[in-house]
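Before any comments, here is the structure.
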Amino acid sequence: MRRAIELASRAPSVHNSQPWRWYLGERSVHLYADLRRWLPATDHDGRDLMLSCGAVLHHLRIALAASGVGATVRRMPNPDEPDHLAAVELRSGRAPGADLGLASAISTRRTDRRSYHDWPVPEAFLAELTSAAAAQGATLRVIGDTRAHNQVMHAIREAAKAQSEISGYDTELALWTGRDASPDGIPTANLPANPGGVAAGRRFRPGELADHSAGTDRARLLVLGATSDDPLSQLRAGEALSAVLLSATESGLATCPLSQPLEIGTTRRYLRDAVLGGTLSPQLIIRVGWAPSGPPPPATPRRAPADTIEDLPR
Ligand SMILES: Cc1cc2nc3c(=O)[nH]c(=O)nc-3n(C[C@H](O)[C@H](O)[C@H](O)COP(=O)(O)O)c2cc1C
């Protein structure tokens, strides 16, 4: 179980904050939100925190299944304890539907903030990602036309402007990025040398990642949506995020989550109405495409298992 948790901890999280902790029982593992790692100026609603925890929960399900362990998941098992996000009970017998391809994608997936290649992403691959999200109860809307693409980019720019006025936002960004000797946060090696590139909305400090892409960036934008916006729907959307990212990685695609326009109420409502037809609650944007030539970004660090796992009191 400890090894499965260690693998699951490779999950993406906002600013690599890893806002989770685990309690181990005899035949169960419990996922809790670690509210000390919440970024209130960036993530006022706590959506990014819940998405991050949903992603680590799905990573755990994949890691357990790949090691042949069956599990039953109860989400938000105790209404009196809202930060107890999931109780995972281990079952004897083999796990059905182990997906070794997805499990091995856990170690190779990276958030890639460079410009992508000018090869188009085949529609069949995008359809697979849509099914991966649907299997987790979420909807993935592929942005298909220039108008909708421009609307998403507009929302990203407007959110960046709004965030520049939020007290504490720049401090959180500075505290969690460009750190190199830390087990959390985003290292300089994972940030583009030219911060004005495609991931320009978030004003990261200049990093070390060279951007060699010479052609047009043919990345596609995907909007992950849920039927409602309560914490349980956000947790499940995080599980869908993980399924989409791992499935894209398995197909050889590069990915980058973009959460800025969902962090600001006005731009989130704009995306809901302009891009999702007012019917779904947008949770996250995902940029997907073929990575440019050159080595992929290095793996980001993670906290030691001993810092995140405790035994349940007997
Ligand atoms: C909910 C969520 C929101 C994120 N938002 C952004 C974002 O706006 N911009 C960005 O470049 N990366 C974003 N990321 C990616 C994280 O920074 C990344 O997962 C983390 O630094 C760990 O690196 P890794 O994904 O390469 O393992 C987000 C990730 C999650 C789960």
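The values are calculated or read from the model by the stated rules, or taken from the named source; none is laboratory data. Everything quoted here is computed from the prediction, not taken from an experiment. Backbone-built Cβ (ideal geometry, glycine too); neighbour counts: all protein chains shown. For the accessible areas, the whole protein counts, side chains as well, though only heavy atoms, and no ligand, DNA or RNA atoms are used. Shrake-Rupley method; radii C 1.70, N 1.55, O 1.52, S 1.80 Å.
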Which of Pro301, Pro19, Pro82 moves most in a GNM of the chain, Cα contacts under 10 Å?
Pro82
For Glu310, list long-range residues whose amide hydrogen, built 1.01 Å from N in the peptide plane, is under 5 Å from its own amide hydrogen.
Trp22, Tyr23, Leu24
Within the accessible area of the chain (1.4 Å probe), percent carbon and sulfur
53
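Over the residues of the chain, compute the C-alpha Rg and express it relative to 2.2 N^0.38 Å.
Cα-based Rg divided by the globular estimate yields 0.95.
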Given only helices, namely DSSP H runs of n ≥ 4 each adding -39500 (n - 2.57), what is the per-residue ellipticity at 222 nm of the chain, to the nearest 500 deg cm²/dmol?
-10500 deg cm²/dmol
Starting from the amide H of Leu85, placed 1.01 Å from N in the peptide plane, find each other amide H under 5 Å away whose residue is 5 or more places distant or on another chain.
Leu31, Tyr32, Ala33
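Let a ≥ b ≥ c be the square roots of the eigenvalues of the Cα gyration tensor of segment 191-314; is it rounded (a/c under 1.5), or, if not, prolate (a/b larger than b/c) or oblate?
On the way: a/c = 1.77, a/b = 1.09, b/c = 1.63.
Since a/c reaches 1.5 but b/c is at least a/b, the shape of segment 191-314 is classed as oblate.
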State whether segment 108-289 is rounded, prolate or oblate according to the following rule on the C-alpha gyration tensor (a ≥ b ≥ c being the square roots of its eigenvalues): a/c under 1.5 gives rounded; otherwise a/b larger than b/c gives prolate, and the remaining case gives oblate.
rounded
Provide the per residue accessible area, probe 1.4 Å, for the chain, rounded to a whole number of square angstrom.
43
Within segment 226-253, find all residues whose amide N lies under 17 Å from a label point positioned 7 Å from the Cα of Ala135 along Cα-to-beta-carbon.
236-253
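Sort 101-109, 178-186 by the packing proxy (mean of other Cβ within 10 Å over each peptide's residues), most packed first. Please list the in-between numbers first.
On the way: 101-109: 17.6, 178-186: 15.6.
Put in order of decreasing packing, that is 101-109, 178-186.
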Sort 146-154, 128-136 by packing, meaning the average of other beta carbons within 10 Å per residue, with the highest value first.
128-136, 146-154
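Taking the Cβ-Cβ separation of Thr188 and Ser164 as r and a Förster radius of 25 Å, what is the calculated FRET efficiency to the nearest 0.05? Before the final figure, lay out the partial values.
Values: r = 22 Å, r/R0 = 0.88.
Efficiency at R0 = 25 Å is approximately 0.70.
Normalising by the residue count of segment 65-222, find the relative contact order in percent from Cα pairs under 8 Å and 6+ residues apart.
On the way: 187 pairs, mean separation 36.6, N = 158.
Result for segment 65-222 is 23 percent.
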Assuming 0.36 nm per residue, please report the length gained on full extension of the stretch Asp307 to Asp80 beyond their Cα-Cα distance.
79.2 nm
Let me spell out the model: positive unit charges on the Cβ of Lys and Arg, negative unit charges on the Cβ of Asp and Glu, origin at the Cα centre of segment 108-289. What dipole size does that give, in debye rounded to 20?
240
Farthest towards the positive end of the dipole of the chain, among Pro40, Tyr169, Ala240 and with Cβ unit charges of +1 on Lys and Arg and -1 on Asp and Glu, lies the Cα of Ala240
Please give the peptides 46-52, 187-193 ranked by average Cβ packing (other Cβ atoms within 10 Å per residue), highest first, as a rough proxy for protection.
46-52, 187-193
Once you sort the root eigenvalues of the Cα gyration tensor of segment 57-112 as a ≥ b ≥ c, which label holds: rounded (a/c under 1.5), prolate (a/b larger than b/c) or oblate (the other case)?
oblate
Apply the Karplus curve 6.51 cos²θ - 1.76 cosθ + 1.60, θ = phi - 60°, to the phi angles in segment 80-90 and return the couplings in whole Hz, x for Gly and Pro.
7, 10, x, 8, 7, 8, 7, 10, 10, 9, 7
Amide H to amide H, which residues 5 or more places from Gly70 or on other chains are under 5 Å from it, using H placed in the peptide plane?
Arg91, Ala95
